[in-house]
Structures are given as structure tokens and as C-alpha cells.
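Structure first, commentary second.
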Amino acid sequence: MRIVFLDRDTLPASIEIPSPGVPHEWVSYARTTADEAVARIQDADIVVTNKVRLTAAMLQQAPRLRMIALAATGTDNIDLQACNRRGIIVSNVRDYAVHTVPEHTFALILALRRNLLAYRQSVAAGRWQDSGQFCYFDFPLRDLSGATLGIIGRGALGEAVAEIARAFDMRVQFAARRDDGSPAQDYTSFTHVLRSSDVISLHCPLNDQTRGMIGFDEFSLMDRKPLLINTARGGLVDESALENALETGQISGAGFDVATQEPPAPDHPLMRLLAYPNFILTPHVAWASQEAIHAMARQVCDNIEAFCRDTPRNVVAGFHG
């Protein structure tokens, strides 16, 4: 059995990936471009990938391919319909980031609500000495206690973020789907979440229904000028609309760990926003605590072994029967 890992460098070199306990040949590539993908998967029985895009045309040229083991939860880089037609099992990893992503989310929230970056920069510029007293008040500080957190996405990560928020004595509301005119009792209408939240945090997948879900119209509804936190997927937010919202004061700030283009080009809207002290951009590392990556690597191996036993787990495409 030939197992090909297409983008090993998306995991730290210090992380050892467990070897599946089945006879196999393991081939690992640091990175794989779109032009290289077909040649590397055409003789593979199992492909391991984190972010390499595999289209229907690519998969058609891999006749031996029986499984794709995702080293991630998100599946938007794989043509799942093509896998279903071919019977290619696609398994992802789940719930490995239930601590690291919520912790990163709150690191962004706290840094922005307390204006940590702005104060640090001003101290480095000599403002404390210039103030002539023990403190100064150039940037507002806001407590989390009593503030309202709107969460879009109610999977394991959204629920974990809610648990932390309640420990800070925040009010939590989960957004219903945008087209849901009669939300269930424990959901709040999408529009009301936009209007009434002090912080909005995104924890939903990227698909046809969620792509561009926060745009110019949605920012115009944000009456309380909230913080917007995105540790999910860059495509959920129209980045030009985000730039406008920050420039015009429609929101108080934003913390992003993701972008539509990764890495973003130097002239990308998110890169331009780095000039603002109320914007934080981190390089898609919310998921990447040492503990989480170890758990993810173990799951990849477990998924491959389960497939080889003909008992596939965490299946998102290629279902038998």
C-alpha cells in the first residue's frame, strides 16, 4: 500500500507522525503545487493532505486512490462529490482543537478589548514617560463581564468558546442560520446577533451557504460596534467590507487568524489593516498548539488504520452502501 503525504511542511518538523500499523510504503513531500499533484497521487492508494486542493480532474487521474486522510477538519479543498462518485473515502480529524482554537479566540478578544497592542506600542514610543504620571488613558479598556458574545457556528469549537465566555460572565447567544425565520428556542436570529453583540466570533465551516456571510450589509447592522473575531475560514468575511468597516468605525476592532489567500499578498486588505492598532492578524495558527498537533497526527494514523480494517471513521465522503 502506497501512502503519500502531499504537504508535510504544514506540520512542524518536531511533530512525529505515527506510522500506521499496516504494511505500507510512506512517501512524504514538503509541499505540493497544483501542477505537481497529479504526478504524486496517480500511484497512491492513500493520500494524506492538509491544504492541497484535489479537484475532480486530478482525482480522475489517480485510479488506485481509495482514501484521502485529511490532516485537518475543513474539507473545502477536496471535491467531495467526485469522491462520492468514485467511492474514495475521505476522513477528516475532529475535536483535536477544542482547547487551542477557543484559547486563541479569547487571546484575540482580550488583546483587543484591553487594547494591549496599542498600549504596548505607545509605551515603546515613550508615551509613558511623556505622560508624567503613573498611568495614562489614550485607549479605552473594556471588561468582558456583562458583554454579549454572538457566536456563529455551534459545533464543538463554538460550544467551547461559549463555555469560556460564561466563565467571564459574558452573555452568550448563538446565531441561527441567516435564512431561518423561526429560530429554535436556544438560538437567536442572525440579524439580531449582528445588531446586539459586543463581540462576534465565527466558528462555522466554509461552504456555499457561508461564503461571504459577513459583508457590507452585515457590517451596517452592527449597531454596538462589536469586535469581529475569525479563527474559522477567511472566505466567511468579505475582506474589502472588513477594511471599510474598520476605517469607518462600524466595528471596534477585529482579530483574524485566517485569510482568503494564505499567505496574503503584501497588498491584501488584511495586510493593509495591520497599520491599525485595533486589528490583529495571526498566520492561521489558532489550531496549532503542540498538544493539538500531536492529537491531530494521531487521528490521521487512526483514520488510516480504521480504513484498512474496512471500518472507516470520521467519514465525510465516499460512504459505502
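For the reader, a short list of remarks on this structure follows.
- Carbon plus sulfur fraction of accessible area for the chain, probe 1.4 Å, in percent: 50
- Normalising the Debye intensity of the range 245-293 to I(0), with uniform scatterers on Cα atoms only, and taking log10 at q = 0.16, 0.27 Å⁻¹ returns -0.51, -1.05.
- Largest to smallest accessible area among Ser182, Ser201 [probe 1.4 Å]: Ser182, Ser201
- D (Stokes-Einstein, µm²/s), Kirkwood Cα radius, the chain, 1.002 mPa s at 20 °C: 100
- Mean sequence separation of contacting Cα pairs (under 8 Å, at least six apart), scaled by the length of the range 13-114, corresponds to a relative contact order of 20 percent.
- Under the convention that each Lys and Arg Cβ holds +1 and each Asp and Glu Cβ holds -1, the size of the dipole of the chain around its Cα centre is about 260 debye.
- Share of pairwise Cα separations in the range 274-321, more than 15 Å, in percent: 63
- Per-selection metrics, the range 1-61 (Cα): Rg and Dmax in Å: 11.7, 34
- For the range 183-272, alpha-carbon Rg over 2.2 N^0.38 Å: 1.06
- Near Val172, the amide H atoms lying under 5 Å from its own belong to Leu149; only residues 5 or more places off or on other chains count, and H is placed 1.01 Å from N.
- Here the range 1-153 is described by how far its Cα atoms reach on the three principal axes: 72, 32, 31 Å, from widest to narrowest.
- Accessible-area order (highest first, 1.4 angstrom probe) of the listed residues His294, His24, His104: His294, His24, His104
- As computed over the range 126-218, the Cα convex hull volume per residue (Å³): 156
- Here is the list for the range 28-93: trypsin sites (Lys or Arg not before Pro) lying in DSSP coil, each with at most 15 other C-beta atoms within 10 angstrom of its C-beta, are Arg31, Arg53, Arg64.
The values are calculated or read from the model by the stated rules, or taken from the named source; none is laboratory data. Note that the structure is a prediction, hence the values are computed from the model and not measured. Reconstructed Cβ throughout: ideal geometry from the backbone, glycine too, with neighbour counts over all protein chains shown. Note: areas computed on protein heavy atoms with side chains; ligands, DNA, RNA excluded. Shrake-Rupley method; radii C 1.70, N 1.55, O 1.52, S 1.80 Å.
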